[in-house]
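Down below is the structure, laid out as structure tokens.
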Amino acid sequence: MEQVVPGLWKVSCPGRTLPPYAGTECYWLVSAGEAILVDAGDGQDAANAALEESWEALGKPRVQGIYLTHHHFDHSGGAKWASTVFHAPAWIHPVERSRLVDEIASATEPLTATAVRVGDRHADILVAPGHAAGQINLWVKDAAVLLAGDNVLGATTVVVAPPDGNLRSYQLTLARLRALSPRIIGPGHGPLIVDGVAYLEGYIQHRREREAEILSLLAQGPAAPLEIAQQIYRNRLTPDKMFVGEWMIRGHLAALQEEGAVDGSPDHQRYWLRR
Ligand SMILES: [Zn+2]
């Protein structure tokens with residue numbers, strides 16, 4: 001367990017997730033014997049043990065609620081377990097709740113609150129779509145800390161790809177998060193980010209550059225998403241991980257097609273510039 005700021009703790013829960021990460025980062029906000037948990041890990045023994053040990057180390061505060069940032073299993077899989085062990089409701093945005101498997105969905109409640117109070121601490125709940133349509137982020141304003149779920153990751157950029165992801169709403173979300181001027185960002189995977197504003201600006205710039213690269217490749221002729229990924233990520237992804245790059249490219253292509261800049265074949269296997 002790592003202290004983010006006083007009263008806010010980060011717990012690394014081992015588990016299967018997208019490379020290069022080896023688990024999910026969950027967070028405790030604790031004040032005056034009360035706590036909330038942000039994300040619940042994947043529900044496997046290793047993640048559950050990490051959460052339970054951290055709760056004991058914090059003196060077993062009364063858990064008011066478990067806030068799931070989005071439906072992906074590496075964040076929500078432990079919801080049923082955590083709700084039982086910590087005697088607390090698990091909340092998730094209704095859009096994300098509809099994407100959960102039944103067993104987990106039935107252990108959660110649809111989130112409607114826009115803020116949460118824990119002892120004398122306060123966090124705003126932001127609906128921050130992009131990586132997932134109903135993703136929430138928590139903004140701990142008094143410490144300028146953003147708990148970003150999978151909107152920001154500690155060591156890489158974020159996969160934003162259909163059907164769950166929407167690149168344009170993600171870009172709007174990044175601009176909104178940047179406007180908060182977060183000092184520290186607690187990501188859904190990877191280490192804490194201590195230069196929040198610069199990191200978000202890097203993300204925003206990265207998406208613009210990536211899109212320009214895709215358009216310049218398509219200017220040379222029609223291409224498949226995987227071919228584009230192989231060009232763009234050849235020095236960054238090994239062949240067995242290239243599927244992740246392909247997802248990213250598909251996210252950009254979907255946005256460009258919606259806006260009329262590119263056309264694609266009905267089977268989504270070939271794209272070209274619209275002239
Ligand atoms: Zn995710």
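Residue separation of Glu258 and Thr114 scaled by 0.36 nm, minus their Cα-Cα distance, works out to 48.7 nm of gained length.
Springs between Cα atoms under 10 Å define the GNM used for the chain, and in it the highest mean-square fluctuation of Ala46, Ala57, Ala254 occurs at Ala57. Ordering Trp9, Trp272 from the fewest to the most neighbouring beta carbons within 10 Å gives Trp272, Trp9.
Over all other residues within a Cβ to Cβ distance under 12 Å of Gly264, the charged ones net out to 0, with Lys and Arg as +1 and Asp and Glu as -1. Between the C-alpha center of the range 135-196 and that of the range 28-85 there is a gap of 20 Å.
Considering only Thr114, Ile214, Pro89, the residue lying farthest towards the positive end of the dipole of the chain is Ile214, judged by Cα position with unit charges set on Cβ. When the range 1-136 is described by a simple charge dipole with +1 on each Lys and Arg Cβ and -1 on each Asp and Glu Cβ, the residue from Ala128, Ala49, Phe73 located farthest towards its positive end is Ala128. Tally Lys and Arg at +1 and Asp and Glu at -1 over the other residues with C-beta under 11 Å from the C-beta of Asp150: what net charge comes out? Neighbourhood net charge equals -4.
For the range 70-122, a Kirkwood radius taken over Cα pairs fed into Stokes-Einstein (20 °C, viscosity 1.002 mPa s) yields D = 184 µm²/s. Apply the a/c threshold of 1.5 to the C-alpha gyration tensor of the range 2-205 and tell me whether it is rounded, prolate or oblate. The shape class here is rounded. Dipole size of the range 219-273 about its Cα centre, with +1 on Lys/Arg Cβ and -1 on Asp/Glu Cβ: approximately 260 debye, rounded to the nearest 20.
The angle between the Cα long axis of helix 45-57 and the longest principal axis of the Cα atoms of the chain comes to about 40 degrees, rounded to the nearest 10. Here the Debye sum runs over all C-alpha atoms of the range 37-109 as equal scatterers in vacuum, and log10 of I(q)/I(0) at q = 0.14, 0.16, 0.18, 0.20 Å⁻¹ comes out as -0.36, -0.47, -0.59, -0.72. If the segment from Arg236 to Val85 were pulled out straight at 0.36 nm per residue, it would be longer than the present Cα-Cα gap by 50.2 nm.
Of Thr84, Thr238, the sequence from fewest to most neighbouring Cβ atoms within 10 angstrom is Thr238, Thr84. Where the only charges are on Cβ atoms (+1 Lys, Arg; -1 Asp, Glu), what is the dipole of the chain about its Cα centre, to the nearest 20 debye? So the magnitude is around 620 debye. What number comes out for the charge environment of Ile136, summing +1 per Lys or Arg and -1 per Asp or Glu over other residues with Cβ under 12 Å away? Local net charge: -3.
Values quoted throughout were computed directly from the atomic coordinates according to the rules given, and no laboratory measurement underlies them. Because the structure is predicted, anything quoted here is derived from the model rather than measured. Every residue, glycine among them, receives a Cβ derived from its backbone with ideal geometry; neighbour counts consider all protein chains shown.
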